[in-house]
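Structure first, commentary second.
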Amino acid sequence: MTAAIRPRRSVLYMPGSNPRVLEKAKGLAADALVFDLEDAVAPDAKAAARAGVLATIAAGGYGARELVIRSNGLNTPWGHADLVAAAASGAHAVLLPKVEDAGTVRAAAGILDAAGAPPGLAIWCMMETPRGMLKAAEIAEAHPRLGGFVMGTNDLAKDLNARHTRERLPLITALGLCLLAARANGLAILDGVFPDVADEEGFAFACRQGAELGFDGKTVIHPKQIGPANAAFGPDAAEVAWARKVIAAFAEAAAAGKGVLLVDGKLIEALHVETARRTVALADAIAALETARPAGA
């Protein structure tokens with residue numbers, strides 16, 4: 001399931017057991033929403049949270065945003081039922097926690113298929129353990145339903161006994177392995193959360209770093225992080241204008257039989273045009289998403 005050009009600049013985690021938060025999210029500007037049935041829900045509230053999430057998604061009101069259900073693991077008492085429920089939920093994707101091998105993806109796909117899930121229901125994988133990092137390439141090509149990776153950097157840092165540093169050097173190898181595996185297989189990939197909500201400058205730095213590395217967006221845990229993530233991972237007006245200029249100039253050069261050209265003194269080749277087209281497609285997709293967003297968002 002090759003990832004389409006779809007805005008995923010900010011992807012907000014929400015506790016599936018908190019109806020107030022789920023309702024408030026309808027008015028937020030996040031590109032995608034994760035209804036969390038795993039870490040954010042206590043064991044004795046799992047079944048009720050699942051039912052509440054299903055009812056909330058069925059009621060609608062989230063516009064054209066991507067809706068994702070984070071299930072419990074298949075090795076828990078709730079994981080299988082979560083996937084069966086997600087199959088007919090109307091969500092766009094299921095997010096599997098702590099994926100460490102391709103077999104987990106295939107098992108999840110089998111459950112979704114047996115439950116009658118539509119072909120477009122994607123599987124996303126939380127990549128958050130050392131074993132998962134070492135198996136990233138295998139996981140990335142596990143099944144046609146696979147849509148992308150989501151980095152679980154807090155759990156990964158814990159397992160590595162690594163320190164949380166501004167530059168994230170202890171995690172760079174793991175981030176790179178997952179980026180390579182995702183891009184080699186046409187998958188989307190989202191950067192991990194930044195837990196210190198009060199550190200706005202630190203969050204802005206993390207977003208810039210994630211965008212520079214090549215991530216499609218940032219998973220966030222608080223509404224105040226949505227705006228900065230959207231700004232960091234989306235093209236600004238100047239970038240879009242430049243991209244359109246490159247596309248137009250290259251088309252004119254191609255019609256004249258030229259393969260390379262100069263635009264404002266910069267050498268432009270086919271690879272630059274491909275990037276420009278992606279920039280324009282993303283900008284157009286963001287505009288369409290914002291047009292379809294509920295009033296107040």
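Where residues in region 176-197 are touching a strand residue (DSSP E or B) at 6+ places or on another chain (Cβ under 8 Å) and among the β-branched types (Val, Ile, Thr), which of them is surrounded by the most Cβ atoms within 10 Å (Cβ to Cβ)? Step through it out loud before you land on a result.
Step one: list which residues in region 176-197 are touching a strand residue (DSSP E or B) at 6+ places or on another chain (Cβ under 8 Å), which gives 178-179, 181-183, 185, 187-194.
Checking which are among the β-branched types (Val, Ile, Thr) leaves us with 189, 193.
Numbers: ILE189: 27, VAL193: 21.
Only one residue fits best here, namely ILE189.
Given the structure, is GLU23 within 24 Å of ALA109 (Cβ to Cβ) and of a type in the set (D, E, K, R)? No: the conditions fail for GLU23.
Taking ALA47, is it in a helix (DSSP H, G or I) and either among the polar types (S, T, N, Q) or surrounded by fewer than 18 Cβ atoms within 10 Å (Cβ to Cβ) (or both)? Let's see the steps before the verdict.
Numbers: in a helix (DSSP H, G or I): yes; either among the polar types (S, T, N, Q) or surrounded by fewer than 18 Cβ atoms within 10 Å (Cβ to Cβ) (or both): yes.
Yes, satisfied.
Filtering region 220-273 to residues that are under 24 Å from the mean Cα position of the chain (by Cα) and surrounded by fewer than 11 Cβ atoms within 10 Å (Cβ to Cβ) leaves ASP236, ALA237. For region 3-40, residues that are outside any loop (DSSP other than H, G, I, E, B) and within 21 Å of ALA231 (Cβ to Cβ) total 9. Selection of region 9-41 for residues being among the charged types (D, E, K, R) and touching a Phe, Trp or Tyr at 6+ places or on another chain (Cβ under 8 Å) yields ARG9, LYS26, ASP36.
Does LYS218 fit the bill of being touching a residue at least 40 places away in the same chain (Cβ under 8 Å) and assigned by TED's automatic domain parsing to the domain that holds TYR62? Even if it seems obvious, please write down each step before you answer.
Details: touching a residue at least 40 places away in the same chain (Cβ under 8 Å): yes; assigned by TED's automatic domain parsing to the domain that holds TYR62: yes.
Yes: the conditions hold for LYS218.
Residues that are farther than 13 Å from LEU74 by Cβ and either without any contact (Cβ under 8 Å) to a residue 12 or more places away in the chain or surrounded by 23 or more Cβ atoms within 10 Å (Cβ to Cβ) (or both) within region 96-113 comprise just one, ASP113.
Determine which member of the set SER71, SER89 is polar (S, T, N, Q) and within 18 Å of the chain's Cα centre (by Cα). Quick ask: steps written out before the conclusion?
On the way: SER89 fails: within 18 Å of the chain's Cα centre (by Cα).
Exactly one residue qualifies, and that residue is SER71.
Could you list, in sequence order, the residues of region 192-221 that are of a type in the set (A, V, I, L, M), assigned to a helix (DSSP H, G or I) and out of contact with any helix residue (DSSP H, G or I) (no Cβ under 8 Å at 6 or more places or on another chain)? Full working, then the answer.
Going through region 192-221, the residues of a type in the set (A, V, I, L, M) turn out to be 193, 197-198, 204, 206, 211, 213, 220-221.
Keeping just the survivors that are assigned to a helix (DSSP H, G or I) gives 204, 206, 211, 213.
Selection gives ALA206 alone.
The values are calculated or read from the model by the stated rules, or taken from the named source; none is laboratory data. Nothing here was measured: the structure is a model prediction, and the numbers come from that model. Because the Cβ atoms are built from the backbone with ideal geometry, glycine has one as well, and the counts that use them run over all protein chains shown.
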